[in-house]
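The values are calculated or read from the model by the stated rules, or taken from the named source; none is laboratory data. All values reported here derive from a predicted model rather than from experimental measurement. Every residue, glycine as well, gets a Cβ built from its backbone with ideal geometry; the counts of neighbours run over all protein chains shown. SASA here: full protein model, heavy atoms, side chains in, ligands and nucleic acids out. Shrake-Rupley method; radii C 1.70, N 1.55, O 1.52, S 1.80 Å.
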Amino acid sequence: LTTYGFYNYEDNESRQAGPSWTAQLIDRVGTAGLGLSKSLLDDRLNIGTDLLYAKGVGRARVTSDLSGQQPLPPLVTRLRQVNLYGDYQLRKDLALGVRYRVERYESTDWAIDGIAPDTAGGLITMGGNSPYYKVHVIMATVDYRF
């Protein structure tokens, strides 16, 4: 039985400035994962799973000579992923595999959400929403080594 786990944290900060404004941008992202695999049948069959979770939060603080400091809502992104897999070694040079993955991605972005094409004066937008999806994927693999 083989197992692993990890956690990664990123903390990025940057500053920008124009003639009459400044901006402080802060991004914090945490990512955690764990997995395990098991070899069976004299190492001919390998099965396992991987789990992943990531969350990012971005904040922008803008200060302008005209309007003072403008607090903006945070930008939030989440990713959840589950992988299941199995590989069977038919011969020394040939293996078959199957994989299943489910992934869910969510985000919120104040600059996109709820902004229709004609709601911001002097600006043409696409009228979209922040990305969101849930997908299931099934894969079959053939591994031939020569």
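Could you pull out every residue, at least 5 positions away or on a different chain, whose amide H is within less than 5 Å of the one on D109? Hs are placed 1.01 Å off N in the peptide plane, and Pro or chain starts have none.
S130
Show me 32-42, 134-144 ranked by packing, highest mean number of other Cβ atoms within 10 Å first. Mind dumping the intermediate values first?
Numbers: 32-42: 13.0, 134-144: 9.7.
In decreasing order of mean packing, 32-42, 134-144 become 32-42, 134-144.
Rounded to the nearest 20 Debye, what is the dipole magnitude of the chain about its Cα centre when Lys and Arg each give +1 and Asp and Glu each give -1 at the C-beta?
With only Lys, Arg, Asp and Glu charged at Cβ, the dipole is about 420 debye.
Once the whole set of protein chains is in place, how much accessible area is left on V29, using a 1.4 Å probe, in Å² to the nearest 10?
Accessible surface of V29 is approximately 40 Å².
Charges on Cβ only, +1 for Lys and Arg, -1 for Asp and Glu, centred on the Cα centroid of the chain; of H136, P74, Y88, which one is farthest towards the dipole's positive end?
Y88
With every protein chain left in place, what is the accessible area per residue of the chain in square angstrom, probe 1.4 Å?
Averaged over the residues of the chain, the accessible area is 71 Å².
For the chain, calculate the relative contact order in percent as a whole number, restricting contacts to Cα pairs under 8 Å that are 6 or more residues apart.
17 percent.
Given a Förster distance of 22 angstrom, what is the FRET efficiency for R15 paired with V76, based on the Cβ-Cβ distance and rounded to 0.05?
0.50
Take the solvent-accessible surface of the protein heavy atoms, probe 1.4 Å, and return the percent of it on the chain that carbon and sulfur atoms account for.
With neighbouring chains kept in place, the figure for the chain is 58 percent.
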